[in-house]
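See below for the structure under consideration.
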Amino acid sequence: METKRTVFPNKLLPYLFVAPQLVITLVFFIWPATQAVKSSFERTDPFGFSTQFVGITHYIRLFQDPLYLNSVGRTVVFAVAVTAISMGLALLFAAAVSRLVRSSQFYTTLLVWPYAVAPVVAGILWWFLFNSSTGILPYMLRYFGVVWNANLNGTHAMILVIIAAAWKQISYNFLFFLAGMQSVPHSLTEAAAIDGAGPLKRFWTIVFPLLSPTTFFLFIVNINYVMFDTFGIIAATTNGGPNQATNILVYKVYSDGFIGLNIGSSSAQSVVLMLFVIALTFIQFRYVERRVNY
Amino acid sequence: MLKTLLAGSTAGIVLLAAAAPALAQTEINWWHSMGGELGERLVGIADDFNASQDEYVVVPSYRGEYEESMVNTIAAFRAGEQPHIVQVYEVGTGTMMAAQGAVYPVYQLMADHGSDFDPNAYLPVVTGYYTDTEGNMLSMPFNSSTPILYYNKDVFAAAGLDPETAPATWEDIESFSQAILDSGAAQCGFTMAYTATWLGTENLSALHNVPYGTLENGFGGLSSELAFNHELAVRLWDKLAEWQDAGIYAYGGTAGGADNAPKFYSGECAMYMNSSASRAGVLANADGFEVGFGMLPVFGDVAGAPQNSIIGGATLWTLAGHEDTEYEGVAEFLTYLSSAEVQAAWHQATGYLPVTLAAYELSQEQGYYDANPGSDIAIRQINLNEPTENSKGVRFGNMPQIRTVLDEEFQAVLSGDKTAQEALDSAVQRGNQILREFEAANS
């Protein structure tokens, strides 16, 4: 793509233009992040009277702690499932809607609705639907011989939070996929149709490859969503339980730091989480992006 | 919208007018965690105090649930914006006590500001929980409760049990529940809040007079260790898992257990154990059946049980870093707060315990207990015997985290992943790690 390059006559002016953004980044990201790094090397009482430098003790403890490793494992399961389900279903819905002529607006509106729901509310909604004494879904599941109890069964609890988190994200992914599909030139699909390719063949050989920039973008956005924004869903439903079955990394940072008041360890966890996401994004841009067909 | 705006501005003008002649009034900030009806009652107390004198004005403000409010307070303290008075729940006591520079102990506050404060006016179990090893009271008891048993008299009658006899032992609980299940009068025998924590380990240990931890349950110092993996806890937890499979017991979730109360209200479970402060809620929601009250059950074969139960709820802590004139107001307000009239009214409206003997006697004189049968169960239960070092309470740093560990381990027992012995041993071991971390951070 070719863009016209803007040239500023004044040397200072461009810096002034970016200054507000820089200030915001410094105050709301860089400064708190350095504070987190600093307190991850310290042991302090909740009120902050005595602070000792303890080096990397918190980090060593973390990686020897079976509960932390458990949390890493749970996060992987959660992230893979939510990303796969929300992107897969969104792609399916987008493909279906893009074939509609008259009613596509109607379905688009309906499918985008859940995006307006805050994660906490989405969590509570599914918590009610899946409530083992009053919810409708456990009542229906009983006919299939499933005794649903997300209070005690870790697998059930994990399924619950995966569904709630994926459901909310489908709308977002759907919008991007739909827009991506609409920008695929009709001439290509029509030519393929004339050559005798069926709808499935056309989708996999033409539309899906051309969608790859969108897919790649959504992949990064979804991983970030799962890593950070799903906090509200966990806090509103399982609180990381039962027996830490849904204690994903971002929730563990909160529960250790804010409920347990163990600020040092909590800071170390948030630093690890930050590095993890930075690394993931870096790998994605460095290696995955190369294979994306623009 | 316009209406609220109008109402708001009118209220503002009225407030301004009221505040105008009293510009010299000293403001005292009170952070609390009482939502809903309890919050209104609490604001009422502050309003009455403000109306009773014109030197100080107490400003209550709701800061979220106990956990949030405590975190907010700590953050505020670090920023130098702490309130004068904060309501902290009982499991936060260990953390508050260790924060010596942050707290202005109540006994000292009262001595410095000439209030005729008598710690002996309070119920021994209440003061025991909040005094240091030298017997000094560190925070002001405000809303204390203790767990009791509620039962559905109609279900008892339908199952052929005597509706006037509450179960006294765990053996009773089992046989009553079995009778109820066999008769089809209800689908489940009983449910309970704080199964793994406040009821199923802390009060269990106190009622049977066995230690929950070493060094007088943690009262004796930060180097104490947990000891709740005793035979009785193992027995109860094993039984609970067995009862769950038999339909006698239903689990309602961690901590207070959001699913417990609905199971009792709907008649699904015949018995329910929770805080005495749940009384108002139980009576309001128990539609179409009569509620009976009883003490917490004990194991029938343990000599000396029940000893006495321990309390929960919260106390008011005075925080350091304010002016002397303001502390005079705090002292005056706390004195007002513990007067028999205020305490008795609060106790009767909420189901919390009357924290002073005078408030208890006043309620008796007013005929409250005669008019409301069962309302004195809680106070009788905490006063059954002189508290021992096993039954005056528990005090550990990071107690909220230890409770979380217990909840998790209990879930592992109920789901069949661990035996009670394995789970409790693991809880003790994990809890001791948390305690050592706290000890290291606070020494």
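Please treat every number below as a calculation from the coordinates, not as lab data. Everything numeric in this text was worked out from a predicted model, so none of it was measured. Note: ideal-geometry Cβ built from the backbone for every residue, glycine included; neighbour counts use all protein chains shown.
Applying 1/(1 + (r/R0)^6) with R0 = 22 Å to the Cβ-Cβ distance of B:ALA179 and A:SER133 gives a FRET efficiency near 0.45. Here the range A:139-188 and the range B:145-176 have alpha carbon centers that stand 45 Å from each other.
The count of lysine pairs in the protein assembly as shown that are at least 8 places apart or cross chains, and whose C-alpha atoms lie under 27 Å apart, stands at 9. Each other residue within a Cβ distance under 13 Å of B:ALA241 adds +1 if Lys or Arg and -1 if Asp or Glu, for a net charge of -3. Evaluated at q = 0.10, 0.15, 0.16, 0.18 Å⁻¹, a Debye calculation over the C-alpha positions of the range B:107-251 (equal weights, vacuum) places log10 I(q)/I(0) at -0.51, -0.88, -0.94, -1.06. Taking a point 7 Å out from the Cα of A:LEU92 in the direction of its Cβ, none of the residues of the range A:219-234 has a backbone N less than 14 Å from it.
For the range B:222-253 and the range B:344-415, compute the distance between their C-alpha centroids and round to whole Å. Cα centroid of the range B:222-253 versus Cα centroid of the range B:344-415: 20 Å apart.
Mean per-residue shielding of peptide A:272-280 is 0, counting Cβ atoms of other chains within 10 Å of each Cβ.
Estimate the FRET efficiency between B:ASN136 and B:LEU357 by the formula 1/(1 + (r/R0)^6), using the beta-carbon distance for r and 22 Å for R0, to the nearest 0.05. Rounded to the nearest 0.05, the efficiency is 0.65. The reciprocal of the average 1/r between distinct C-alpha atoms defines the Kirkwood hydrodynamic radius, which for chain B equals 23.0 Å. Other residues lying with their Cβ under 10 Å from the Cβ of B:TYR89 contribute a combined charge of -3, Lys and Arg counting +1, Asp and Glu -1. Here the range A:24-146 is treated as a Stokes sphere of Kirkwood radius computed over C-alpha pairs; at 37 °C and 0.692 mPa s its diffusion coefficient rounds to 164 µm²/s. Considering only trypsin sites (Lys or Arg not before Pro) in DSSP loops that have at most 14 other Cβ atoms within 10 Å, the longest stretch of chain A without any of them is A:103-294. Say each of B:GLU386 and A:VAL146 gets a label point 7 Å from the Cα, pointing the same way as Cα to Cβ; how far apart are those two points in nm? Here the modelled spin labels are 6.0 nm apart. With θ taken as phi - 60° and the Karplus curve 6.51 cos²θ - 1.76 cosθ + 1.60 applied, the whole-hertz 3J(HN,Hα) list for the range B:123-138 is 5, x, 5, 6, 5, x, 5, 10, 10, 7, 5, 7, x, 8, 7, 9 Hz, x standing for glycine and proline.
Summarising the amide proton neighbourhood of A:GLU42: residues at separation of 5 or more, or on other chains, whose placed amide H is nearer than 5 Å comprise A:VAL54.
Beta-bridge orientation, chain B: approximately 60 percent antiparallel, per DSSP, counting only bridges with both partners inside.
The base-10 log of I(q)/I(0) for the range A:54-291, evaluated at q = 0.08, 0.10 Å⁻¹, reads -0.39, -0.58 [Debye formula, identical scatterers on Cα atoms, solvent excluded]. Modelled label positions at B:GLU55 and A:VAL277, each set 7 Å beyond Cα in the direction of Cβ, lie 5.3 nm from each other. Shape summary: the protein assembly as shown maps onto an equivalent ellipsoid whose semi-axes, from the alpha-carbon gyration tensor, are 50, 35, 26 Å in decreasing order.
Backbone phi angles across the range B:374-383, fed through the Karplus curve with coefficients 6.51, -1.76 and 1.60 (θ = phi - 60°), yield HN-Hα couplings of x, 6, 9, 4, 4, 5, 5, 5, 6, 9 Hz in residue order; Gly and Pro are listed as x. Extension gain for A:ALA191-A:THR34 works out to 50.9 nm (0.36 nm per residue, less the C-alpha to C-alpha distance). For the range A:12-84, the list of chymotrypsin sites (Phe, Trp or Tyr not before Pro) that fall in a loop by DSSP and count at most 16 other C-beta atoms within 10 angstrom reads A:PHE49. For the range B:285-443, the alpha-carbon radius of gyration amounts to 1.37 times the rule-of-thumb value 2.2 N^0.38 Å expected for a compact globular protein. Summing charges over neighbours of B:ASP301, with a neighbour being any other residue whose Cβ is under 14 Å away from its Cβ, gives -2 when K and R count +1 and D and E count -1.
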